[in-house]
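Following: one structure in structure tokens, then a few remarks.
The values are calculated or read from the model by the stated rules, or taken from the named source; none is laboratory data. Note that this is a predicted model, so its numbers are computed, not measured. For neighbour counting, all protein chains shown are included, and Cβ atoms are generated from backbone atoms with ideal geometry for every residue, glycine included.
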Amino acid sequence: MCGRKYADEELNWAEYRDALNIVTPAPPDNFPPHYNIAPTLNVPVGLSRTDDSGNRFRTLERMRWGLIPHWAKDIKIGSKMTNARSETLTEKPSFAPLVKANRCVIPVSGFYEWQRKGSGKTARKQAYKVARSDNKPMFLGGLWTFHPGFDICSYTVVTTAATETFAPIHHRLPLILEKREINCWLDDDWILASSLLAPTKCTISATRISNDVGNVRNNHPGLLKPLS
């Protein structure tokens, strides 16, 4: 599961442009860092679009986290669709129509996960920040859609089973794409793109941090500080 993400000051327009092969000018605000990205927030999302001449081009657009299907009558449904299980993408009516042409990439510095310890009333949760071990940006695979009634573009993060080393913390991981896999995920046919739906092969590191990150009002670099 991926319920929170973060994009620190190291993730900038140059990283977006390089990874996504974007040729359009940089935005005026360069997407400021956010240390506690929660569902319903708008964040930069990379995708491919087609112009009037039929040419494909890459773009970076702000989208709301939490997919709102075009048929939805209540915007709140997005809070239940922040993640999409890779194993059932083509079976779910909210996701199946999107897998062929509405795939996207969410660039982040990393994400947060909570390890559950114990059970029942005595259960405790410990927060972790999860990043690539090489400190490079993390590119998450997702699906996006547009709701004409609400005039909102929204997305969901695809998840896979956890790797053996990450499983003690949580049994799910977001789909983490290598830079060389981005073109395939965004533009190749579904048969090729679906071959990427597997636990990440890159090395990730999980670091214990303060549970303060659980409060969505907290948004500062101190959230990333490791616990002593």
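Could you check, for the range 157-180, whether at least one of its residues is of a type in the set (A, V, I, L, M), more than 30 Å from R208 (Cβ to Cβ) and surrounded by 14 or more Cβ atoms within 10 Å (Cβ to Cβ)?
Scanning the range 157-180 turns up no residue that is of a type in the set (A, V, I, L, M), more than 30 Å from R208 (Cβ to Cβ) and surrounded by 14 or more Cβ atoms within 10 Å (Cβ to Cβ).
Looking only at the range 151-174, decide whether some residue is within 25 Å of S205 (Cα to Cα), part of a loop (DSSP other than H, G, I, E, B), acidic (D, E) and touching a Ser or Thr at 6+ places or on another chain (Cβ under 8 Å).
no
Pick out, from the range 19-97, the strands (runs of 3 or more DSSP E) lying fully within it that include 1 or more residues that are closer than 20 Å to E181 by Cβ and in contact (Cβ under 8 Å) with a residue 24 or more places away in the chain.
The qualifying strands (runs of 3 or more DSSP E) are 42-50, 56-65, 83-85.
Looking only at the range 194-224, count every residue that is surrounded by fewer than 13 Cβ atoms within 10 Å (Cβ to Cβ), out of contact with any helix residue (DSSP H, G or I) (no Cβ under 9 Å at 6 or more places or on another chain) and over 22 Å from P39 (Cβ atoms) and tell me the total.
Within the range 194-224, residues that are surrounded by fewer than 13 Cβ atoms within 10 Å (Cβ to Cβ), out of contact with any helix residue (DSSP H, G or I) (no Cβ under 9 Å at 6 or more places or on another chain) and over 22 Å from P39 (Cβ atoms) number 2.
Do we have any residue at all in the range 30-41 that's modelled with pLDDT of 95 or more, within 14 Å of the chain's Cα centre (by Cα) and within 16 Å of F139 (Cβ to Cβ)?
Yes - at least one qualifying residue is present in the range 30-41.
I'd like to know if the range 2-12 contains one or more residues that are under 17 Å from the mean Cα position of the chain (by Cα) and within 19 Å of D189 (Cα to Cα).
No, that holds for no residue.
Of the residues T156, T59, T122, only one is over 22 Å from P199 (Cβ atoms) and touching a helix residue (DSSP H, G or I) at 6+ places or on another chain (Cβ under 9 Å); which?
None of the others qualify; the one that does is T59.
So which residues in the range 83-111 are among the basic types (K, R) and closer than 28 Å to L224 by Cα, if there are any at all?
Scanning the range 83-111 gives a single hit, R85.
Can you confirm whether P25 is loosely packed, with under 13 Cβ neighbours inside 10 Å, closer than 30 Å to S228 by Cα and not small (G, A, S)?
No; evaluated as a whole, the condition is false for this residue.
Do you know which residues across the range 102-153 are surrounded by fewer than 18 Cβ atoms within 10 Å (Cβ to Cβ) and among the aliphatic types (A, V, I, L, M)?
A123, I152 - these are the residues of the range 102-153 that are surrounded by fewer than 18 Cβ atoms within 10 Å (Cβ to Cβ) and among the aliphatic types (A, V, I, L, M).
Take the range 49-81 and flag every residue that is surrounded by fewer than 19 Cβ atoms within 10 Å (Cβ to Cβ) and touching a Cys at 6+ places or on another chain (Cβ under 9 Å).
Once the filter is applied, which keeps residues that are surrounded by fewer than 19 Cβ atoms within 10 Å (Cβ to Cβ) and touching a Cys at 6+ places or on another chain (Cβ under 9 Å), the range 49-81 yields E61, R62.
Is it the case that A198 is more than 25 Å from L41 (Cβ to Cβ), assigned to a loop (DSSP other than H, G, I, E, B) and in contact (Cβ under 8 Å) with a residue 24 or more places away in the chain?
Yes, satisfied.
Inside the range 94-140, can you point out the residues that are touching a Cys at 6+ places or on another chain (Cβ under 8 Å) and closer than 22 Å to R58 by Cα?
Answer for the range 94-140, where residues must be touching a Cys at 6+ places or on another chain (Cβ under 8 Å) and closer than 22 Å to R58 by Cα: just L140.
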